[in-house]
Amino acid sequence: MAEKRYLCSRKPMNTQDNTPHPQHDWLPEPTLRRLPWYLAYVTMLRHDGVEHVSSRGIAEAIGVDASQIAKDLSHLGVRGKTRIGYEVAALERELRGFLGFNTGHNAVITGVGSLGNALIQDRGLQRYGLNIVAGIDTNPDLVGTRAGGIVIMGYESLPGLVSEQDITIGIITVPAREAQHAADRLTEAGIRAIWNFTPYRLRVRPGVVVTNTSIYSHLAVMYNRLESASE
């Protein structure tokens, strides 16, 4: 299977006038998945008052080869200085901006059960640009109630919510058998990206972004590796 790659923008410095000129590059998916690791670590360093860090220092902390870290960060147009490394505050700022965590994205949750409710209550997601502003559920006992200050509504309210609150992301936390129906309703309402927490493989029209975070799949991998390690 071909490696997934994502279009990203870079701002290399122009050697003539020192002004950034946007370019585009194809970012490998493994690189994109590693960048939040780097961000988490340099954020901790900044909180601890550390001003500079080398790629070797990052490598020793998170277990990624130093040359790979340097290569990953080069996609941002960021390069460390010899014998000094990276300026921690600047690197944190570049990573947050590159990953889109500084831009707010409004989201709606479909399925306000235990997981959906927990995500609504998790205000820490806002630090990464995700604002859950609406909740949808089919349970008549939940419709009209509140979760984390958000009024839970039925699917009939979805198109209006998406339009009025400029919602671009739908989060699916319904049972697997209801996942495709939820995805269909979300995309029909104009949602452009779906964060799917179910183990069901969704079918969506071209242009709709789907990210899968199946807790059950991760559990299966963990259990399998745990069993193998004990043999």
Quick one: putting +1 on the C-beta of Lys and Arg, -1 on the C-beta of Asp and Glu, what dipole do you get for the chain around its Cα centre, in Debye to the nearest 20?
520
Would you grab the residues whose amide H sits under 5 Å from the one on Ala147? Only those 5+ places off in sequence or on another chain, please, with H modelled 1.01 Å from N.
Ile152
Under 5 Å between amide H atoms, partner at least 5 residues away or on a different chain: which partners does Ile132 have, H built in plane at 1.01 Å?
Ala107
Whose amide H sits under 5 Å from the amide H of Thr168, counting only residues 5 or more places off or on another chain, with H placed in the peptide plane?
Asn106
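Using helices alone, I'd like the mean residue ellipticity at 222 nm for the chain: each DSSP H run of four-plus residues gives -39500 (n - 2.57), total over residue count, nearest 500. Before the final figure, lay out each step's value.
Working: 8 runs with 88 residues, N = 231.
The helix-only estimate for the chain comes to -11500 deg cm²/dmol at 222 nm.
At 1.4 Å probe radius, can you tell me the per residue accessible area of the chain in Å²?
Details: 14000 Å² over 231 residues.
Using a 1.4 Å probe on heavy atoms only, each residue of the chain averages 61 Å².
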Base-10 log of normalised Debye intensity for the range 23-104 (one unit scatterer per alpha-carbon) at q = 0.22, 0.25 Å⁻¹:
-1.07, -1.39
Hey, if you drop one equal point scatterer on each alpha-carbon of the range 76-231 and run the Debye formula without solvent, what base-10 log of I(q)/I(0) do you get at q = 0.18 Å⁻¹?
-1.05
Top positive-direction residue, dipole computed over the chain with Cβ charges, set Thr211, Val112, Trp37
Trp37
Using a/c under 1.5 as the rounded threshold, could you call the range 131-209 rounded, prolate or oblate? The axes a ≥ b ≥ c are square roots of the C-alpha gyration tensor eigenvalues, and prolate needs a/b larger than b/c, oblate otherwise.
oblate
Quick one: Karplus J couplings for the range 163-178, per residue in order, coefficients 6.51, -1.76, 1.60, θ = phi - 60°, nearest Hz, x for Gly and Pro?
6, 6, 9, 6, 8, 10, 10, x, 10, 9, 10, 8, x, 3, 5, 9
Rounded accessible area of Leu76 (nearest 10 Å², 1.4 Å probe)
20
What order do you get for 168-174, 185-191, 117-123, 81-87 when each peptide is scored by the mean count of other beta carbon atoms within 10 Å, highest first?
168-174, 185-191, 117-123, 81-87
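The values are calculated or read from the model by the stated rules, or taken from the named source; none is laboratory data. Given the structure is predicted, the values throughout are model-derived calculations rather than measurements. When we count neighbours, we look across all protein chains shown, and the Cβ atoms used for this are built from the backbone with ideal geometry, even at glycine. Protein only, heavy atoms only, side chains kept; ligands, DNA and RNA dropped before computing areas. Shrake-Rupley method; radii C 1.70, N 1.55, O 1.52, S 1.80 Å.
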